[in-house]
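Undergrad: Questions regarding the structure given below will be posed in turn.
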Amino acid sequence: MKVLNDADLTRAEECMRHSGRLIDRRRFALHFRGGRPEPLLAALRPYENPDGGYGHALEPDLRGEASQPVPAQHALEILHEAGADDDPAVARVADFLASITHEDGGVPFVLPSVREAPHGPWWQPSGEAGGAINPTATLAGLLHRAGSEHPWLGPATAFCWRHLEDEGAEPGPYDALAILAFLDHVPDRERAEAAFARARDALAALAALDPSAEGALHFPLDFAPAPDGLGRRLFTAEVIDAHLDALIDAQEEHGGWDVNFPIWTPATRHDWRGVQTVERLRTLEAYGRLKP
(Lines give C-alpha, C1' and ligand atoms only; values in the text may rest on other atoms or scores of the structure.)
Protein backbone atom coordinates (compact mmCIF):
# COMPACT_ATOMS: atom_id res chain seq x y z
CA MET A 1 0.00 0.00 0.00
CA LYS A 2 1.45 3.33 -1.07
CA VAL A 3 1.41 6.36 1.22
CA LEU A 4 2.26 10.02 0.74
CA ASN A 5 5.15 11.00 2.99
CA ASP A 6 6.15 14.28 4.62
CA ALA A 7 8.44 15.25 1.75
CA ASP A 8 5.60 14.78 -0.72
CA LEU A 9 3.30 16.92 1.41
CA THR A 10 5.97 19.62 1.53
CA ARG A 11 6.21 19.50 -2.26
CA ALA A 12 2.44 19.95 -2.44
CA GLU A 13 2.73 22.96 -0.14
CA GLU A 14 5.31 24.51 -2.46
CA CYS A 15 2.93 23.98 -5.38
CA MET A 16 0.26 25.86 -3.45
CA ARG A 17 2.68 28.72 -2.86
CA HIS A 18 3.60 28.90 -6.53
CA SER A 19 0.16 28.71 -8.10
CA GLY A 20 -2.61 28.30 -5.53
CA ARG A 21 -5.17 31.01 -4.86
CA LEU A 22 -5.19 32.52 -1.38
CA ILE A 23 -8.39 30.70 -0.50
CA ASP A 24 -6.89 27.33 -1.46
CA ARG A 25 -3.63 28.06 0.36
CA ARG A 26 -5.72 28.70 3.47
CA ARG A 27 -7.66 25.48 2.91
CA PHE A 28 -4.34 23.65 2.71
CA ALA A 29 -3.14 25.33 5.91
CA LEU A 30 -6.38 24.43 7.72
CA HIS A 31 -6.31 20.77 6.75
CA PHE A 32 -2.60 19.98 6.75
CA ARG A 33 -0.72 22.59 8.77
CA GLY A 34 -2.92 23.12 11.81
CA GLY A 35 -4.27 26.42 10.48
CA ARG A 36 -7.20 28.29 12.02
CA PRO A 37 -10.58 28.54 10.25
CA GLU A 38 -10.84 32.33 10.59
CA PRO A 39 -8.33 33.12 7.81
CA LEU A 40 -10.18 30.75 5.48
CA LEU A 41 -13.51 32.42 6.23
CA ALA A 42 -11.90 35.82 5.67
CA ALA A 43 -10.62 34.65 2.27
CA LEU A 44 -14.11 33.48 1.29
CA ARG A 45 -15.87 36.78 2.06
CA PRO A 46 -14.67 38.74 -1.01
CA TYR A 47 -16.33 36.20 -3.31
CA GLU A 48 -19.77 36.92 -1.80
CA ASN A 49 -22.20 39.28 -3.48
CA PRO A 50 -24.91 41.46 -1.87
CA ASP A 51 -27.58 39.01 -3.08
CA GLY A 52 -26.09 36.25 -0.89
CA GLY A 53 -24.64 34.36 -3.84
CA TYR A 54 -21.05 33.95 -4.92
CA GLY A 55 -19.08 34.82 -8.04
CA HIS A 56 -15.72 36.47 -8.79
CA ALA A 57 -14.21 33.19 -10.10
CA LEU A 58 -14.76 31.18 -6.92
CA GLU A 59 -15.66 28.59 -9.59
CA PRO A 60 -12.50 29.00 -11.71
CA ASP A 61 -14.28 28.51 -15.05
CA LEU A 62 -16.80 31.28 -14.30
CA ARG A 63 -14.66 34.42 -14.37
CA GLY A 64 -17.46 36.94 -13.91
CA GLU A 65 -18.55 38.82 -10.83
CA ALA A 66 -22.21 37.81 -10.87
CA SER A 67 -23.64 35.17 -8.54
CA GLN A 68 -24.17 31.69 -9.97
CA PRO A 69 -25.52 28.46 -8.44
CA VAL A 70 -22.30 26.39 -8.57
CA PRO A 71 -20.12 28.95 -6.78
CA ALA A 72 -22.73 28.91 -4.00
CA GLN A 73 -22.09 25.17 -3.77
CA HIS A 74 -18.35 25.82 -3.39
CA ALA A 75 -19.04 28.39 -0.67
CA LEU A 76 -21.14 25.91 1.33
CA GLU A 77 -18.33 23.36 1.08
CA ILE A 78 -15.76 25.85 2.35
CA LEU A 79 -18.00 27.05 5.18
CA HIS A 80 -18.41 23.43 6.26
CA GLU A 81 -14.67 22.80 6.11
CA ALA A 82 -14.19 25.80 8.39
CA GLY A 83 -16.73 24.46 10.89
CA ALA A 84 -19.06 27.33 10.06
CA ASP A 85 -22.34 25.61 9.18
CA ASP A 86 -24.01 28.08 11.55
CA ASP A 87 -22.53 31.11 9.79
CA PRO A 88 -25.20 33.60 8.57
CA ALA A 89 -23.72 33.19 5.08
CA VAL A 90 -25.44 29.79 4.87
CA ALA A 91 -28.88 31.39 5.14
CA ARG A 92 -27.83 34.08 2.67
CA VAL A 93 -26.91 31.37 0.16
CA ALA A 94 -30.37 29.82 0.58
CA ASP A 95 -31.98 33.25 0.11
CA PHE A 96 -30.06 33.64 -3.15
CA LEU A 97 -31.14 30.20 -4.33
CA ALA A 98 -34.77 31.00 -3.53
CA SER A 99 -34.49 34.07 -5.76
CA ILE A 100 -33.44 32.01 -8.81
CA THR A 101 -35.53 28.85 -8.32
CA HIS A 102 -37.95 27.64 -10.98
CA GLU A 103 -41.53 26.68 -10.22
CA ASP A 104 -40.53 23.02 -10.05
CA GLY A 105 -38.24 23.72 -7.07
CA GLY A 106 -34.94 23.36 -8.92
CA VAL A 107 -32.28 25.91 -9.77
CA PRO A 108 -30.68 26.19 -13.22
CA PHE A 109 -27.22 24.88 -14.00
CA VAL A 110 -26.09 28.41 -14.83
CA LEU A 111 -27.84 31.78 -15.11
CA PRO A 112 -27.97 33.81 -18.35
CA SER A 113 -25.68 36.41 -16.77
CA VAL A 114 -22.84 33.98 -17.54
CA ARG A 115 -22.78 35.53 -21.02
CA GLU A 116 -21.64 38.87 -19.62
CA ALA A 117 -18.15 37.72 -18.62
CA PRO A 118 -15.47 35.21 -19.68
CA HIS A 119 -16.42 31.61 -18.98
CA GLY A 120 -15.65 28.06 -20.01
CA PRO A 121 -17.50 27.19 -23.22
CA TRP A 122 -19.46 24.39 -21.53
CA TRP A 123 -21.18 26.84 -19.17
CA GLN A 124 -24.29 27.48 -21.23
CA PRO A 125 -27.85 28.21 -20.01
CA SER A 126 -30.15 25.38 -21.01
CA GLY A 127 -33.06 27.57 -22.04
CA GLU A 128 -35.43 25.13 -20.33
CA ALA A 129 -38.12 26.33 -17.94
CA GLY A 130 -37.21 23.88 -15.20
CA GLY A 131 -34.38 23.33 -12.76
CA ALA A 132 -31.38 21.03 -13.16
CA ILE A 133 -30.50 18.14 -10.87
CA ASN A 134 -26.92 19.41 -11.06
CA PRO A 135 -26.47 21.56 -9.01
CA THR A 136 -29.86 21.51 -7.21
CA ALA A 137 -29.19 18.14 -5.57
CA THR A 138 -25.72 19.15 -4.37
CA LEU A 139 -26.98 22.43 -2.95
CA ALA A 140 -29.89 20.73 -1.19
CA GLY A 141 -27.59 18.05 0.21
CA LEU A 142 -25.08 20.57 1.52
CA LEU A 143 -27.79 22.69 3.15
CA HIS A 144 -29.23 19.57 4.79
CA ARG A 145 -25.74 18.75 6.06
CA ALA A 146 -25.48 22.25 7.50
CA GLY A 147 -28.72 21.72 9.43
CA SER A 148 -30.51 24.47 7.52
CA GLU A 149 -34.26 24.83 7.90
CA HIS A 150 -34.59 27.45 5.16
CA PRO A 151 -37.90 27.35 3.23
CA TRP A 152 -35.98 26.81 -0.03
CA LEU A 153 -35.11 23.27 1.06
CA GLY A 154 -38.64 21.88 0.99
CA PRO A 155 -39.39 22.44 -2.71
CA ALA A 156 -35.77 21.70 -3.68
CA THR A 157 -35.81 18.37 -1.83
CA ALA A 158 -39.11 17.45 -3.47
CA PHE A 159 -37.59 18.31 -6.86
CA CYS A 160 -34.69 15.95 -6.19
CA TRP A 161 -36.95 13.09 -5.10
CA ARG A 162 -39.06 13.46 -8.26
CA HIS A 163 -35.93 13.32 -10.39
CA LEU A 164 -34.65 10.23 -8.59
CA GLU A 165 -37.98 8.46 -8.97
CA ASP A 166 -38.17 9.21 -12.71
CA GLU A 167 -37.21 5.88 -14.23
CA GLY A 168 -36.38 7.53 -17.55
CA ALA A 169 -33.72 9.86 -16.09
CA GLU A 170 -30.20 8.82 -17.15
CA PRO A 171 -27.54 10.60 -15.09
CA GLY A 172 -24.31 11.97 -16.48
CA PRO A 173 -21.18 12.02 -14.30
CA TYR A 174 -21.84 15.45 -12.84
CA ASP A 175 -25.48 14.54 -12.23
CA ALA A 176 -24.23 11.48 -10.35
CA LEU A 177 -22.00 13.58 -8.11
CA ALA A 178 -24.96 15.82 -7.31
CA ILE A 179 -27.23 12.84 -6.61
CA LEU A 180 -24.68 11.30 -4.24
CA ALA A 181 -24.30 14.60 -2.36
CA PHE A 182 -28.07 14.73 -1.91
CA LEU A 183 -28.44 11.10 -0.86
CA ASP A 184 -25.54 11.35 1.58
CA HIS A 185 -27.19 14.13 3.57
CA VAL A 186 -30.96 14.19 3.07
CA PRO A 187 -32.63 13.41 6.43
CA ASP A 188 -34.99 10.68 5.16
CA ARG A 189 -32.41 7.86 5.31
CA GLU A 190 -34.81 5.05 4.44
CA ARG A 191 -35.88 6.81 1.25
CA ALA A 192 -32.25 7.68 0.47
CA GLU A 193 -31.19 4.04 0.78
CA ALA A 194 -34.01 2.94 -1.51
CA ALA A 195 -33.10 5.57 -4.10
CA PHE A 196 -29.44 4.58 -3.93
CA ALA A 197 -30.31 0.92 -4.45
CA ARG A 198 -32.30 1.81 -7.59
CA ALA A 199 -29.59 4.08 -9.02
CA ARG A 200 -26.54 2.10 -7.92
CA ASP A 201 -25.74 0.32 -11.17
CA ALA A 202 -26.26 3.44 -13.28
CA LEU A 203 -23.99 5.49 -11.00
CA ALA A 204 -21.22 2.89 -10.89
CA ALA A 205 -21.24 2.54 -14.67
CA LEU A 206 -20.12 6.17 -15.03
CA ALA A 207 -16.69 5.53 -13.48
CA ALA A 208 -13.59 4.54 -15.45
CA LEU A 209 -12.14 1.59 -13.55
CA ASP A 210 -8.75 1.58 -15.28
CA PRO A 211 -6.52 3.95 -13.28
CA SER A 212 -4.35 4.57 -16.34
CA ALA A 213 -7.23 5.62 -18.60
CA GLU A 214 -6.76 9.05 -20.16
CA GLY A 215 -9.13 11.84 -21.07
CA ALA A 216 -11.89 13.81 -19.38
CA LEU A 217 -13.10 10.83 -17.37
CA HIS A 218 -14.47 10.32 -13.90
CA PHE A 219 -12.81 7.74 -11.67
CA PRO A 220 -14.01 5.91 -8.56
CA LEU A 221 -12.39 8.40 -6.16
CA ASP A 222 -14.36 11.22 -7.79
CA PHE A 223 -17.53 9.48 -6.65
CA ALA A 224 -16.01 8.21 -3.38
CA PRO A 225 -13.62 10.93 -2.16
CA ALA A 226 -14.03 9.65 1.41
CA PRO A 227 -14.91 6.19 2.77
CA ASP A 228 -18.03 7.28 4.66
CA GLY A 229 -20.23 8.30 1.71
CA LEU A 230 -22.61 6.21 -0.37
CA GLY A 231 -20.25 6.53 -3.33
CA ARG A 232 -17.78 4.24 -1.58
CA ARG A 233 -20.34 1.43 -1.83
CA LEU A 234 -20.20 1.57 -5.62
CA PHE A 235 -16.74 -0.02 -5.76
CA THR A 236 -14.81 -2.90 -4.26
CA ALA A 237 -11.96 -2.36 -1.81
CA GLU A 238 -9.53 -3.59 -4.47
CA VAL A 239 -10.69 -0.94 -6.94
CA ILE A 240 -10.43 1.82 -4.36
CA ASP A 241 -6.95 0.71 -3.29
CA ALA A 242 -5.73 0.61 -6.89
CA HIS A 243 -6.99 4.13 -7.50
CA LEU A 244 -5.46 5.43 -4.27
CA ASP A 245 -2.09 4.03 -5.38
CA ALA A 246 -2.56 5.67 -8.78
CA LEU A 247 -3.52 8.95 -7.13
CA ILE A 248 -0.25 9.00 -5.19
CA ASP A 249 1.66 8.24 -8.39
CA ALA A 250 -0.15 11.10 -10.13
CA GLN A 251 1.48 13.78 -7.97
CA GLU A 252 3.39 15.86 -10.50
CA GLU A 253 6.94 17.15 -10.35
CA HIS A 254 5.73 20.57 -9.22
CA GLY A 255 4.11 18.90 -6.21
CA GLY A 256 0.46 19.25 -7.14
CA TRP A 257 -2.24 17.43 -9.05
CA ASP A 258 -3.65 18.63 -12.35
CA VAL A 259 -7.19 18.25 -13.71
CA ASN A 260 -8.09 16.07 -16.68
CA PHE A 261 -10.78 18.29 -18.19
CA PRO A 262 -10.17 21.00 -20.81
CA ILE A 263 -8.33 24.20 -19.88
CA TRP A 264 -9.81 26.99 -21.96
CA THR A 265 -7.63 29.87 -20.71
CA PRO A 266 -4.21 29.66 -19.00
CA ALA A 267 -5.23 31.24 -15.68
CA THR A 268 -7.64 28.46 -14.88
CA ARG A 269 -4.93 25.79 -14.86
CA HIS A 270 -3.26 27.52 -11.89
CA ASP A 271 -6.59 27.97 -10.12
CA TRP A 272 -7.67 24.38 -10.68
CA ARG A 273 -4.28 22.99 -9.71
CA GLY A 274 -4.66 24.51 -6.24
CA VAL A 275 -8.24 23.26 -5.87
CA GLN A 276 -7.34 19.80 -7.12
CA THR A 277 -4.26 19.50 -4.92
CA VAL A 278 -6.23 20.21 -1.76
CA GLU A 279 -9.02 17.84 -2.79
CA ARG A 280 -6.63 15.01 -3.67
CA LEU A 281 -4.77 15.39 -0.40
CA ARG A 282 -8.04 15.36 1.53
CA THR A 283 -9.00 12.12 -0.19
CA LEU A 284 -5.66 10.52 0.64
CA GLU A 285 -6.02 11.65 4.24
CA ALA A 286 -9.59 10.31 4.47
CA TYR A 287 -8.39 6.88 3.37
CA GLY A 288 -5.37 6.86 5.67
CA ARG A 289 -2.85 7.30 2.87
CA LEU A 290 -0.95 10.24 4.42
CA LYS A 291 1.98 9.11 6.53
CA PRO A 292 1.34 10.14 10.17
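Undergrad: Inspect all residues belonging to region 147-156 and state whether any of them is surrounded by 13 or more Cβ atoms within 10 Å (Cβ to Cβ) and under 25 Å from F261 (Cβ atoms). Even if it seems obvious, please write down each step before you answer.
TA: Restricting attention to region 147-156, the residues satisfying the condition of being surrounded by 13 or more Cβ atoms within 10 Å (Cβ to Cβ) are 148, 150, 152-153, 155-156.
From the residues that got through so far, the ones that are under 25 Å from F261 (Cβ atoms) too are none.
No, region 147-156 contains no residue that is surrounded by 13 or more Cβ atoms within 10 Å (Cβ to Cβ) and under 25 Å from F261 (Cβ atoms).
Undergrad: If you don't mind, another one. So, in region 148-183, of the ones that are in a helix (DSSP H, G or I) and over 18 Å from D104 (Cβ atoms), which residue ends up farthest from the chain's Cα centre (by Cα)?
TA: L183
Undergrad: Do you know which residues across region 123-147 are in a loop (DSSP other than H, G, I, E, B) and touching a residue at least 40 places away in the same chain (Cβ under 8 Å)?
TA: To start, the set of residues in region 123-147 that are in a loop (DSSP other than H, G, I, E, B) comprises 123-132, 146-147.
Those that are in a loop (DSSP other than H, G, I, E, B) and touching a residue at least 40 places away in the same chain (Cβ under 8 Å): W123, A146, G147.
Undergrad: Please enumerate the residues belonging to region 23-42 that are in a helix (DSSP H, G or I) and surrounded by fewer than 15 Cβ atoms within 10 Å (Cβ to Cβ). Give the derivation first.
TA: Filtering region 23-42 down to residues in a helix (DSSP H, G or I) leaves 23-32, 37-42.
Hits for region 23-42 are E38, A42.
Undergrad: Same structure again: Mind telling me which of the residues T277, T268 ends up being out of contact with any helix residue (DSSP H, G or I) (no Cβ under 9 Å at 6 or more places or on another chain), under 21 Å from P60 (Cα atoms) and either touching a residue at least 24 places away in the same chain (Cβ under 8 Å) or of a type in the set (A, V, I, L, M, F, W, C) (or both)?
TA: Values: T277 fails: out of contact with any helix residue (DSSP H, G or I) (no Cβ under 9 Å at 6 or more places or on another chain).
Of T277, T268, the one residue that is out of contact with any helix residue (DSSP H, G or I) (no Cβ under 9 Å at 6 or more places or on another chain), under 21 Å from P60 (Cα atoms) and either touching a residue at least 24 places away in the same chain (Cβ under 8 Å) or of a type in the set (A, V, I, L, M, F, W, C) (or both) is T268.
Undergrad: Another one. Which one of these is closer than 29 Å to A12 by Cβ, out of contact with any His (no Cβ under 6 Å at 6 or more places or on another chain), in a loop (DSSP other than H, G, I, E, B) and touching a residue at least 60 places away in the same chain (Cβ under 8 Å): A216, A208, A226? I'd like the intermediate steps shown before the answer.
TA: Details: A216 fails: touching a residue at least 60 places away in the same chain (Cβ under 8 Å); A208 fails: touching a residue at least 60 places away in the same chain (Cβ under 8 Å).
Exactly one residue qualifies, and that residue is A226.
Undergrad: Here's another thing I want to ask about it. Could you please tell me which pairs satisfy a Cβ distance under 6 Å, a separation of 6+ or placement on different chains, a first residue in region 152-164 that is closer than 10 Å to A140 by Cβ, and a second residue that is acidic (D, E) and modelled with pLDDT of 95 or more?
TA: Hits for this filter: F159/D104.
Undergrad: Further, regarding this structure: Please count how many residues of region 1-29 are at pLDDT 95 or above, closer than 18 Å to G288 by Cα and either within 22 Å of the chain's Cα centre (by Cα) or not charged (D, E, K, R) (or both). Break it down stepwise before answering.
TA: So in region 1-29, the residues at pLDDT 95 or above come out as 2-17, 20-29.
Subsequent filtering for residues that are closer than 18 Å to G288 by Cα retains 2-10, 12, 28.
Restricting the remaining residues to those that are either within 22 Å of the chain's Cα centre (by Cα) or not charged (D, E, K, R) (or both) gives 3-5, 7, 9-10, 12, 28.
Within region 1-29, residues that are at pLDDT 95 or above, closer than 18 Å to G288 by Cα and either within 22 Å of the chain's Cα centre (by Cα) or not charged (D, E, K, R) (or both) number 8.
Undergrad: Can you tell me which residues in region 184-195 are within 19 Å of the chain's Cα centre (by Cα) and not in a loop (DSSP other than H, G, I, E, B)?
TA: Within region 184-195, the first condition is being within 19 Å of the chain's Cα centre (by Cα), and the residues that meet it are 184-186.
If the condition is that a residue be within 19 Å of the chain's Cα centre (by Cα) and not in a loop (DSSP other than H, G, I, E, B), then D184, H185 are the ones that fit.
Undergrad: Right, another one. For region 1-22, give me each residue that is aliphatic (A, V, I, L, M) and either buried (at least 17 other Cβ atoms within 10 Å of the Cβ) or free of Cβ contacts under 8 Å to residues at least 12 places away in the same chain (or both).
TA: Initially, region 1-22 is screened for residues aliphatic (A, V, I, L, M), giving 1, 3-4, 7, 9, 12, 16, 22.
Answer for region 1-22, where residues must be aliphatic (A, V, I, L, M) and either buried (at least 17 other Cβ atoms within 10 Å of the Cβ) or free of Cβ contacts under 8 Å to residues at least 12 places away in the same chain (or both): L4, A7, L9, A12, M16.
Undergrad: Also, quick follow-up: Between A208, A195, A286, which is touching a Gly at 6+ places or on another chain (Cβ under 9 Å), at pLDDT 95 or above, hydrophobic (A, V, I, L, M, F, W, C) and surrounded by 15 or more Cβ atoms within 10 Å (Cβ to Cβ)?
TA: Exactly one residue qualifies, and that residue is A208.
The values are calculated or read from the model by the stated rules, or taken from the named source; none is laboratory data. All values reported here derive from a predicted model rather than from experimental measurement. Ideal geometry is used to build each Cβ from the backbone, glycine not excepted, and the neighbour counts take in all protein chains shown.
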